[in-house]
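To keep things clear, I will list the structure first and then write my remarks on it.
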Amino acid sequence: MSSPAPDALLGPADVRELAGALGVRPTKQRGQNFVIDANTVRRIVRTAQVRPDDTVVEVGPGLGSLTLALLEAADRVTAVEIDDVLASALPATIAARMPGRADRFALVHSDAMHVTELPGPPPTALVANLPYNVAVPVLLHMLGTFPTIERTLVMVQAEVADRLAAAPGSKVYGVPSVKANWYAEVKRAGSIGRNVFWPAPNVDSGLVALVRRTDPVATTASRREVFAVVDAAFAQRRKTLRAALAGWAGSAAAAEAALVAAGVSPQARGESLTVEEFARIAEHKVPGGSAGAPAAHKEPGSS
């Protein structure tokens, strides 16, 4: 592996100079906050336990701060970028700052929510500073689409990090918590200060580490069927599951029958259930219930 130049990573002046040359102003619409601190991106790479044999996929590389740090550590990096200007500029930045690693970098100019395949070897890790407004849907889409991703480390809004890593019974346990746990063991992996970003966000950020389950949730229900139960349970989280799942099951009585058969109290609420219990409920839905399957991904605020 070629050793990058010691100053290959982007500092505050580099980020602002690049942005100025491209006429880029970070937009709230896309949740853009560029990392300007080299120590922070190296910390993210260390925390992600990126290995020399990893093929890493990064979503939302922006100007390339984290991309360069990933290229220092991984075998290959594939970045997915939706922004036209940023996508067109990133390969040149990589070539200029890490010429010896440029052939190990690939760019996919697309909306990550629409990506179903990536160039090169299958990804083994996902590391990203995810735009806050789409963090949960993008994370779930990538985990669902690329089963070879073993390890994930994402930087998200602190509140979203808490929700993703929440355990049953927590006040912030909800849709993101259960769906992330379908794929992986999830834990908080640190906090990130506001001053390492440009512009500085008005919220704190957190790191979330996900290690894919070696043994998937044991169930005869499909992911779509399980996620439909999860969405229904949390759509009216103040209600008991008997009431909240009435639409999903076709009636409150049918919901109660499915719950009892699954060994779950009809008086329980969604926030107390594990992903395995949601899967058991999905298995016991009576055929012919009137429930349609809600969308598999919800915005973080929907939990």
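The values are calculated or read from the model by the stated rules, or taken from the named source; none is laboratory data. Predicted model only: the values in this text are computed from it and were never measured. Counting neighbours? That spans all protein chains shown, and the Cβs are built from the backbone with ideal geometry, glycine included. Remember, those area values only see protein heavy atoms, side chains included, never the ligands or the DNA or RNA. Shrake-Rupley method; radii C 1.70, N 1.55, O 1.52, S 1.80 Å.
Do you know which residues across the stretch 90-143 are acidic (Asp, Glu), within 20 Å of Leu63 (Cα to Cα) and either in a loop (DSSP other than H, G, I, E, B) or touching a helix residue (DSSP H, G or I) at 6+ places or on another chain (Cβ under 7 Å) (or both)?
Asp111
Test Ser177 against the stated conditions and say whether it is among the polar types (S, T, N, Q), under 20 Å from Val230 (Cβ atoms) and buried (at least 23 other Cβ atoms within 10 Å of the Cβ). Can you show your working first?
Working: among the polar types (S, T, N, Q): yes; under 20 Å from Val230 (Cβ atoms): yes; buried (at least 23 other Cβ atoms within 10 Å of the Cβ): yes.
So Ser177 fits the description; yes.
Among what's in the stretch 212-239 and is of a type in the set (D, E, K, R) and outside any loop (DSSP other than H, G, I, E, B), pick the residue that is nearest to Tyr173 (Cα to Cα). Walk me through it before giving the result.
First pass over the stretch 212-239, keeping only residues of a type in the set (D, E, K, R): 212-213, 215, 223-225, 231, 237-239.
Add one more test, that the residue is outside any loop (DSSP other than H, G, I, E, B), and what stays is 212, 223-225, 231.
Details: Arg212: 19, Arg223: 19, Arg224: 20, Glu225: 20, Asp231: 13 Å.
Out of the qualifying residues, it is Asp231.
Taking Glu150 and the conditions (1) more than 12 Å from the chain's Cα centre (by Cα); (2) within 21 Å of Thr67 (Cβ to Cβ); (3) without any contact (Cβ under 8 Å) to a residue 60 or more places away in the chain, which numbered condition does it fall short on, given that it satisfies the others?
(3)
Among residues belonging to the stretch 259-294 that are at pLDDT 95 or above, touching a Phe, Trp or Tyr at 6+ places or on another chain (Cβ under 6 Å) and not charged (D, E, K, R), point out the one that is farthest from Val186 (Cα to Cα). Steps first, answer last, please.
At the first step, the residues of the stretch 259-294 found to be at pLDDT 95 or above are 259-284.
Add one more test, that the residue is touching a Phe, Trp or Tyr at 6+ places or on another chain (Cβ under 6 Å), and what stays is 270-271, 275.
Still in the list and also not charged (D, E, K, R): 270, 275.
Values: Gly270: 19, Val275: 13 Å.
Checking each candidate, the answer is Gly270.
With the requirement that a residue be more than 26 Å from Pro123 (Cβ to Cβ) and part of a strand (DSSP E or B), what does the stretch 192-211 give you?
As a first pass, look at the stretch 192-211 and keep what is more than 26 Å from Pro123 (Cβ to Cβ): 193-195, 198-204.
Scanning the stretch 192-211 gives a single hit, Trp198.
With the structure loaded, tell me whether Asp84 is among the acidic types (Asp, Glu) and either surrounded by fewer than 14 Cβ atoms within 10 Å (Cβ to Cβ) or within 26 Å of Val186 (Cα to Cα) (or both) or whether it fails that test.
Details: among the acidic types (Asp, Glu): yes; either surrounded by fewer than 14 Cβ atoms within 10 Å (Cβ to Cβ) or within 26 Å of Val186 (Cα to Cα) (or both): yes.
Taking the combined requirement at face value, the residue satisfies it.
Which residue is surrounded by the most Cβ atoms within 10 Å (Cβ to Cβ), if the candidates are limited to the stretch 108-120 and must be touching a residue at least 40 places away in the same chain (Cβ under 8 Å) and within 29 Å of Asp7 (Cα to Cα)? Explain how you work it out, then say what you get.
Start the filter on the stretch 108-120 by keeping residues that are touching a residue at least 40 places away in the same chain (Cβ under 8 Å), which leaves 112, 118-120.
Of the ones still in play, those that are also within 29 Å of Asp7 (Cα to Cα) are 119-120.
Working: Pro119: 9, Gly120: 14.
Step by step, filter the stretch 108-120, then rank; the result is Gly120.
So, in the stretch 204-252, of the ones that are among the acidic types (Asp, Glu) and touching a residue at least 40 places away in the same chain (Cβ under 8 Å), which residue ends up least open to solvent (accessible area, probe 1.4 Å)?
It comes out as Asp231.
Val186: of a type outside the set (D, E, K, R), more than 30 Å from Gly11 (Cα to Cα), buried (at least 17 other Cβ atoms within 10 Å of the Cβ) and out of contact with any Lys or Arg (no Cβ under 9 Å at 6 or more places or on another chain), yes or no? I'd like the intermediate steps shown before the answer.
Values: of a type outside the set (D, E, K, R): yes; more than 30 Å from Gly11 (Cα to Cα): yes; buried (at least 17 other Cβ atoms within 10 Å of the Cβ): yes; out of contact with any Lys or Arg (no Cβ under 9 Å at 6 or more places or on another chain): yes.
Yes, satisfied.
What are the residues in the stretch 121-137 that are open to solvent by 20 Å² or more (accessible area, probe 1.4 Å) and touching a Lys or Arg at 6+ places or on another chain (Cβ under 8 Å), if any? If you could, list the steps in order and put the result at the bottom.
First, the residues of the stretch 121-137 that are open to solvent by 20 Å² or more (accessible area, probe 1.4 Å): 121-122, 124, 129, 131-134.
Of everything in the stretch 121-137, those that are open to solvent by 20 Å² or more (accessible area, probe 1.4 Å) and touching a Lys or Arg at 6+ places or on another chain (Cβ under 8 Å) turn out to be Pro121, Thr124, Pro131, Asn133.
Just wondering, is there one or more residues in the stretch 139-146 that are touching a Gly at 6+ places or on another chain (Cβ under 6 Å) and either small (Gly, Ala, Ser) or open to solvent by 10 Å² or more (accessible area, probe 1.4 Å) (or both)?
In the first step, residues of the stretch 139-146 are kept if they are touching a Gly at 6+ places or on another chain (Cβ under 6 Å); the result is none.
No, the stretch 139-146 has no match at all.
Which of the residues spanning the stretch 64-77 are open to solvent by 10 Å² or more (accessible area, probe 1.4 Å) and either of a type in the set (D, E, K, R) or not in a helix (DSSP H, G or I) (or both)?
Within the stretch 64-77, Glu72, Asp75, Arg76 meet the criteria.
Pick from the stretch 32-59 the residues that are touching a Pro at 6+ places or on another chain (Cβ under 9 Å) and at pLDDT below 95: which of them is surrounded by the fewest Cβ atoms within 10 Å (Cβ to Cβ)?
Looking only at the stretch 32-59, we keep the residues that are touching a Pro at 6+ places or on another chain (Cβ under 9 Å), and these are 32-34, 36-37, 54-57, 59.
With at pLDDT below 95 added as a condition, the list becomes 32-34, 36-37.
Details: Gln32: 22, Asn33: 22, Phe34: 24, Ile36: 22, Asp37: 20.
Looking at residues that are touching a Pro at 6+ places or on another chain (Cβ under 9 Å) and at pLDDT below 95, I get Asp37.
How about the stretch 253-281: which of its residues are over 28 Å from the mean Cα position of the chain (by Cα) and open to solvent by 40 Å² or more (accessible area, probe 1.4 Å)? Show your work before the answer.
In the first step, residues of the stretch 253-281 are kept if they are over 28 Å from the mean Cα position of the chain (by Cα); the result is 253-268.
Once the filter is applied, which keeps residues that are over 28 Å from the mean Cα position of the chain (by Cα) and open to solvent by 40 Å² or more (accessible area, probe 1.4 Å), the stretch 253-281 yields Ala253, Glu256, Ala257, Val260, Ala261, Gly263, Ser265, Gln267.
When you look at Ala69, is it on the phi < 0 side of the Ramachandran plot and out of contact with any strand residue (DSSP E or B) (no Cβ under 6 Å at 6 or more places or on another chain), yes or no? First the steps, then the outcome.
Numbers: on the phi < 0 side of the Ramachandran plot: yes; out of contact with any strand residue (DSSP E or B) (no Cβ under 6 Å at 6 or more places or on another chain): yes.
When the stated conditions are applied, Ala69 passes them.
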